[in-house]
């Protein structure tokens, strides 16, 4: 790394040439693909030329070298620039380079880790900087290696709040191994960014969050070089370089006449379009195709990574059958034990460790516990960054609050990242805190993540085992825990497989199957007792693996009992019931009768037991539903005079929820009749009384 | 409103008494409920006493008065304080007050709009401020009324990035009708907040984002009063009052000895717990139960809300059958026409209006178009705030990016808010931009929202009609649009109902039903042609209403054809296929054979047509799947020698996605054998080569 603050002319000229090559190549590959974002790429060409040639420490022939820097393109749509850089260092050849965006090409519209030099998939703006913070946090706190994390951001993506969760984390943790370069090119997708080219506005914000800032001309090689040098040497705080640039061109700089592509320079409306008309002309204006090979500085030499041996034997907590414990407590104890034996496991928690169970890990392994405060997006980003470095992160908060970070979860799957999520306070059994604190969509949301694993323990020993299993899973995995106590029904040390289930009750004369997970398993067992009292034999399946679900056991139950009742402490959509239906359908055979019990009303405050009853997922409702199925379909029908009364079934639908706003004319009048002058109520006349009538189930 | 900057002693004493009453009442109702957060309530008692008695302009007997201020408790767990305020103004009586957290009580764990004075449900930290910004934006830009929005926040919830999206929006829009009061009580759920009681740290951040800031002693009545007065009078920028407080007590202030509850004052670990042991003692220490009735200043008088009449007739765009248009284009044109006729409709877009179709509305109705930049959380919050004021907002971005704001969507349902979401670039038909830009989980995520409506148009005229329908829907509704062009198959002006569907092909000898939505409708129609060529009659259903789904039509199809193929440009979990299965199961009858086609591999870059083929949701795959079902189940079996070859079915599962990390010993060795010294690979040895092998479907 050069320490000189004034580059020699010929060095500057060479860097300029590299930058022009990156511009030319950005145009060439976009043209080949007939789509892409060459203008967003070209504005950052000078910045990347300097970084690549003088500051990045990376061995492109050995992406796994532990001392490698990390370069993250937060502005993933500048993929042409990134691929041009790969060409410049010789990592990819010309043919592959021109395959940009084609089917089966590794060079996708936005870079993904199909390329071994790419840490995480780009394309969702406002994620790169937070994930970069996660990698830097790993470097400083876990790896304790001196690599640097470089992030290239766009200006308008700084509007994303996740960046400010990241900014707070980075300065709080003193991440001076992180340098963010912001390409302030003024123009977003459809128009100017809020602050235009006012780098001082961005600088003020970063400074307030404790960062070191520099504002430069993003097309002045000298300024870029000096800024990178200063940023790399600055201790104690993360750095941001705010670079004023122009999309698609360079203005005059120094003693060189540099020409951009005048047709698109600084124009709105050309984001995401290749330079149209005459790419050859643009390439000529940029000085033509070049074949410069950039030598990148090697990574900082580090000792070979230690092979970590288990620090201690695995001593899981054990819970006595018949006792009661919450899944969150058992998870917490298992986590601490896991931390004892696996030195690569880390835990992140979102300001709720006293409630989620992670407090014991925090006490036992403070150097591997990361308090993330109320910033779930950054918590996920930190986990993703840490697994880039090979650590095994568990990110923990209330199930409901993972919805705050759902885009990061979605993109983790695109990145093939391995992260383990643990959501407590799931379902209405959370109790009197009310629906804001209850996870009721988590099974649906996490099932709809590519390649995910979704687990839902029903007792403490199962929670312990599944926690340990998750440590070994790739991809996104999710463990659903509860706030409330549940009976212990399994032995300590019982093994549970991903994709498995447990048949807890079965008999040759089973007439119906109850499929449950988590808290509803206990309700189902009690329902089976009620049914047995009435001479109905019910199979009970604990479907703790919601995804993948135990297809074989479910199909056998369908075949042998002919009637299925599923019951979950979750909305009806997308959870256990849908998983069961889907599994039964996948066999290519007709399905039996399936009755899905779930939470169909918005919960209010109530005790856990009241909740289950109010929501119609308690033992009595399950037994009634099962008995109805048996009565409806048993060969002889329900014996005369025999009425099975456990409790009335709650209302299945909630039409009042779909109440049309008081503002609108009735559908019969709209839209055709609007022309006839029917009055539309204006704003501010909406009645609160109307709102009250939408809450009947609680009154 | 007093303009004096020095309160008279007796006024100050009275305000102190009100504050003590609020403290006493916070203790009393928490004790009655045996749960709750009295300490978080007590720290803000002085702040709220001053606000209530001297600055809030609100008629508690008329929550709908258009001139009313808005008070939002972002720190919703301070519900006891809020309910104590309602008691103090006489809005609720003693009996109801003591029903806090009981089943069926209106006074839930966190306030919800079941109470007519509450705008939005509280409880998810970091939402109140953004939603307050939305209400203030409505006040300034839409209602043009002088009410003020007051938001009470906690300190540690400021870590949530959404607040900084909000801060940027508020200052950019000059929302001087917004005052945020931050209760800086130092302690979060499980420990101190990052900045402790350092109000200057928070002030620097808000100032950098363009806010006016004041730092005060949150227990000094005079300082509170002065700060509120200054904030209310400050033009041009939003205001924040950062108040240093102590949880559960007040220190000495001025000439009064004020006593808190010493046992819990400023102690970690007592969040969320009622004052235990001797509540009577705490109440005595606070001066005992009081019955002060606070007179709140009336709202600013405003003219009665105008009844807005349609500005123009409804002139929807019309597309000729046989032409091709994208759903996003048709939606955009419909939106603009809707804006012409409905003066209460507003549109918000997240920096992608040139791609989503909202650019036409923006051009036609700039005063009702809100550019939200890349800040989806704030976009949703603004929409929620605007509908509080009776406006009819449509929030628009790429389908995938609604995942960024999923917590706001979840809480909108808890609030019974009416917001309309429109997600473009849905599915793999988005094309070469790659998976980061594709909505593949949106149907699942939006179905799992309580009371939601989910619509998926397959042609331009249908998109137009459904857009108009959404304007009249309550609750959360979602319209899924595409980037790519689709054939127009419906007539302009055809009507489509929520909960309906369209049978596009049917014949008495139908042997199989194809159920599709959006882009796959066209593939299904083409597949039906292929099947017809082979003598198989296929019914085709356009299930444009994914939630609620057309149960009757689906059951009829099941009954009459006995075989169903569902096909969606979406992951397999939680979308159309699951909706169909669920609908068929809800009838209490066995289900027919159902084959679900969906996206089962992670997409890469490819053209839209290539995507459908690669992902196995194109016409050939549909036809093959249908023919297999018919061949398998037709009474005579497949005629000998007849092989229906359309194309091979893609691999349904992707076991490599579940590849266990290279770090972990094989499951057979773990956890039991760890004790025997099996080495665990340490971090930083994870191979990128290993990562490459996880991407087979793209190679």
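Observations on the model:
- Reported to the nearest whole Å, the Cα centre-to-centre distance from region B:287-347 to region A:98-164 is 39.
- Region A:362-385 and region B:418-443: distance between their alpha carbon centers, rounded to Å: 30 Å
- Sequence-distant contacts, meaning Cα pairs under 8 Å at least 6 residues apart, place the relative contact order of region A:1-139 at 25 percent.
- Cα shape, region B:536-615, gyration tensor, a/c 1.5 rule: prolate
- Overall, the anisotropy analysis places region B:1-120 in the oblate class: the square-rooted eigenvalues a ≥ b ≥ c of its C-alpha gyration tensor yield a/c not less than 1.5, with a/b not exceeding b/c.
- Summary for residue B:526: label point 7 Å along Cα→Cβ; distances to the equivalent points in the other copies, ascending, 5.5 nm.
- Across region B:185-236, the convex hull enclosing all Cα atoms gives 87 Å³ per residue.
- Each listed q (0.13, 0.18, 0.21 Å⁻¹) maps to a log10 I(q)/I(0) for region A:282-382 from the Debye sum over equal C-alpha point scatterers, namely -0.64, -0.95, -1.11.
- Across the alpha-carbon set of region B:414-511, the Rg to Rh ratio works out to 1.01, Rh being the Kirkwood radius.
- Within 10 Å of the Cβ of each residue in B:585-598, the mean number of Cβ atoms contributed by other protein chains is 6.
- Kirkwood analysis of region B:342-382, using all unique Cα-Cα pairs, places the hydrodynamic radius at 10.3 Å.
- Region B:479-549: Rg to Rh, with Rh as the Kirkwood radius over Cα pairs: 0.98
- Kirkwood hydrodynamic radius computed over region B:157-205 comes to 12.1 Å, based on all pairs of distinct alpha carbons.
- Across all Cα atoms of region B:346-425, the radius of gyration (one decimal) and Dmax (whole number) stand at 11.5, 34 Å.
- The Kirkwood radius of region A:321-478, taken over pairs of alpha-carbon atoms, gives through the Stokes-Einstein law at 37 °C and 0.692 mPa s a diffusion coefficient of 215 µm² s⁻¹.
- The mean number of Cβ atoms from other chains found within 10 Å of a Cβ in peptide B:142-152 is 1, as a whole number.
- Arranged from fewest to most other beta-carbon atoms within 10 Å of their beta carbon, B:140, A:596 become B:140, A:596.
- Coordinate range of the alpha-carbon atoms in region A:83-242 per principal axis, descending: 46, 41, 32 Å.
- Exposure proxy order (Cβ contacts within 10 Å, fewest to most) of B:490, A:83: B:490, A:83
- For region B:531-603 versus region A:171-194, the inter-centroid distance based on Cα atoms is 46 Å.
- Sorted shortest first, the separations between the residue B:95 label point and its copies elsewhere in the assembly read 8.5 nm; each point sits 7 Å from Cα along the Cα-to-Cβ line.
- Remark: region A:1-63 projects, on average over all directions, an area of 5.4 nm² (convex hull of Cα atoms).
- Average silhouette area of region B:498-642, convex hull of alpha-carbon atoms, in square nanometres: 8.8 nm²
- Shielding by partners, peptide B:467-473 (average Cβ within 10 angstrom, other chains): 4
- Of A:160, B:351, B:610, B:568, the sequence from fewest to most neighbouring Cβ atoms within 10 angstrom is B:610, B:351, B:568, A:160.
- Each copy carries a label point for residue B:366 at 7 Å from Cα toward Cβ; from one copy, the others' points are 5.8 nm away, ordered from shortest.
Just so you know, all these numbers are worked out from the coordinates, no wet-lab data involved. As the structure is a prediction and not an experimental result, all values here were calculated from the model. Please note: Cβ atoms are built from the backbone with ideal geometry, for glycine as well, and neighbour counts cover all protein chains shown.
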